[in-house]
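Undergrad: I am attaching a structure below and will ask some questions about it afterwards.
The values are calculated or read from the model by the stated rules, or taken from the named source; none is laboratory data. Because the structure is predicted, anything quoted here is derived from the model rather than measured. Note that each Cβ is placed from the backbone with ideal geometry, even for glycine, and that neighbours are counted across all protein chains shown.
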Amino acid sequence: MPNNQSDSSLNRRRMLTRAAAVAAGTAAISATASHAQDPTGAVDATGAVDAKQGRLNQSVCKWCFPKISLEDMAKEAASLGMVGIDLLDPKDFPTLKKHGLVCTMVQSHSLGNGLCDTKFHDECLEKMNVAIEATAAEGWKNVICFSGNARGIDRETGMKNCVDALKKITPVAEKAGVTLQMELLNSKVDHADYMCDNSTWGVELVKRVGSDNFKLLYDIYHMQIMEGDIIRTIQNNHQYFGHYHTAGNPGRHELDDNQELLYPPIAKAIADTGYNGYFAHEFLPVRDPIAGLRDAVAQCIV
């Protein structure tokens with residue numbers, strides 16, 4: 001289809017759409033609206049951002065900010081009204097609790113050696129058990145898991161292998177009040193050969209496991225690469241999604257006008273489903289990391 005809209009016109013449309021929620025964001029966006037005129041109440045007259053003014057429980061993935069200490073990241077997350085930090089280990093929990101935060105997703109086994117291959121089941125289940133115990137001890141909710149790479153295993157066999165492993169571990173999670181979340185990742189750009197690389201396969205897995213304590217981590221960046229149609233997919237399948245990750249595409253960088261995803265309506269669509277889990281930012285900043293995080297948080301206050 002021919003594109004009759006200039007790049008500058010497209011950028012203006014995006015900036016105006018975001019202006020109400022992003023007054024404290026990047027210079028390009030903040031130029032379109034004053035902090036004092038923000039109708040959401042999420043950005044006050046001083047430019048402070050408060051994620052708690054919105055319907056989503058926002059968090060951030062620490063691994064994306066390697067130059068920032070966990071202590072400083074926790075301070076920043078708390079100051080932005082975020083509820084916690086994703087993808088940490090039990091050794092990190094004291095720092096989170098010091099700042100009134102939770103670990104919104106606890107690590108377990110490795111990404112590549114996952115549940116679709118039976119030779120990794122013992123290792124994965126052991127690590128998942130440890131993570132479940134540590135998570136439950138804090139009264140927290142989520143432990144991550146992965147399908148792993150196929151290594152020649154066909155999708156149906158991989159599905160059955162995942163089901164077998166998950167049916168062994170979900171009773172443990174149910175008793176502990178913890179939810180296991182398998183992440184949907186792209187196999188085109190970042191994770192070649194990863195099996196759980198599309199929402200159709202993932203949703204079928206959740207149905208076969210049949211436990212309220214097993215869901216999918218729907219990564220918006222990864223699924224934009226694999227299948228697009230983000231909002232409709234969320235609206236039609238939200239009951240199978242227990243956690244969300246953000247990043248811009250292409251590039252996996254800031255949620256800005258250099259990428260194709262428009263996050264305010266995506267965040268609104270998620271909130272409109274009645275979602276009460278966590279919504280974590282997982283982008284790799286290429287500019288000021290804290291400014292990028294503040295902008296991302298502000299955009300997703302809906």
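Undergrad: Can you run down the residue pairs with Cβ atoms below 9 Å, 6 or more apart or on separate chains, where the first is in segment 287-299 and surrounded by 24 or more Cβ atoms within 10 Å (Cβ to Cβ) and the partner is in a helix (DSSP H, G or I) and of a type in the set (S, T, N, Q)?
TA: Note: pairs meeting the criteria are Asp295/Ser30.
Undergrad: Might you let me know whether segment 231-247 holds any residue that is closer than 22 Å to Val286 by Cα, assigned to a loop (DSSP other than H, G, I, E, B) and either modelled with pLDDT under 95 or not charged (D, E, K, R) (or both)?
TA: Among the residues of segment 231-247, at least one is closer than 22 Å to Val286 by Cα, assigned to a loop (DSSP other than H, G, I, E, B) and either modelled with pLDDT under 95 or not charged (D, E, K, R) (or both), which makes the answer yes.
Undergrad: So which pairs qualify, if the first residue must be in segment 176-191 and more than 15 Å from Leu111 (Cα to Cα), the second must be in a loop (DSSP other than H, G, I, E, B), the Cβ gap must be under 7 Å, and the two must be at least 6 apart or on different chains?
TA: Val178/Lys141; Val178/Asn213; Thr179/Lys141; Thr179/Asn213
Undergrad: Search segment 75-92 for residues that are on the phi > 0 side of the Ramachandran plot and pair each with any residue that is among the aromatic types (Phe, Trp, Tyr) and in a helix (DSSP H, G or I) when their beta-carbon atoms are under 7 Å apart and the residues are at least 6 apart or on different chains.
TA: Leu87/Trp63
Undergrad: Taking the conditions exactly as written (of a type outside the set (D, E, K, R), crowded, with 18+ Cβ neighbours inside 10 Å and within 25 Å of Phe146 (Cβ to Cβ)), does Ile230 satisfy them or not?
TA: yes
Undergrad: Filter segment 156-205 for residues that are more than 21 Å from the chain's Cα centre (by Cα) and polar (S, T, N, Q); which is farthest from Asp229 (Cα to Cα)?
TA: That would be Thr170.
Undergrad: Given the options Arg287, Arg294, name the one that is in a helix (DSSP H, G or I) and over 26 Å from Gly177 (Cβ atoms). Write out each step before concluding.
TA: Values: Arg287 fails: in a helix (DSSP H, G or I).
On inspection, the qualifying residue turns out to be Arg294.
Undergrad: Can you say whether Lys215 is under 18 Å from Tyr275 (Cα atoms), modelled with pLDDT of 95 or more, within 22 Å of the chain's Cα centre (by Cα) and among the charged types (D, E, K, R), as far as the supplied structure shows?
TA: yes
Undergrad: Examine segment 272-280 for a residue that is at negative phi, surrounded by 17 or more Cβ atoms within 10 Å (Cβ to Cβ) and part of a loop (DSSP other than H, G, I, E, B), and state whether such a residue exists.
TA: Yes, there is a match, as at least one residue in segment 272-280 is at negative phi, surrounded by 17 or more Cβ atoms within 10 Å (Cβ to Cβ) and part of a loop (DSSP other than H, G, I, E, B).
Undergrad: Out of contact with any helix residue (DSSP H, G or I) (no Cβ under 8 Å at 6 or more places or on another chain), charged (D, E, K, R) and surrounded by 14 or more Cβ atoms within 10 Å (Cβ to Cβ): which single residue out of Lys141, Lys119, Lys75 fits that description?
TA: Of the residues listed, the single one that is out of contact with any helix residue (DSSP H, G or I) (no Cβ under 8 Å at 6 or more places or on another chain), charged (D, E, K, R) and surrounded by 14 or more Cβ atoms within 10 Å (Cβ to Cβ) is Lys75.
Undergrad: Another question, then. Give just the number: which of (1) touching a Gly at 6+ places or on another chain (Cβ under 6 Å); (2) of a type outside the set (A, V, I, L, M); (3) closer than 18 Å to Ser59 by Cβ does Cys116 not satisfy?
TA: For Cys116, the failing item is (3).
Undergrad: Quick check, is Leu261 closer than 28 Å to Trp140 by Cα and of a type in the set (A, V, I, L, M)? Don't jump to the end; show me each part of the working.
TA: Values: closer than 28 Å to Trp140 by Cα: no; of a type in the set (A, V, I, L, M): yes.
No.
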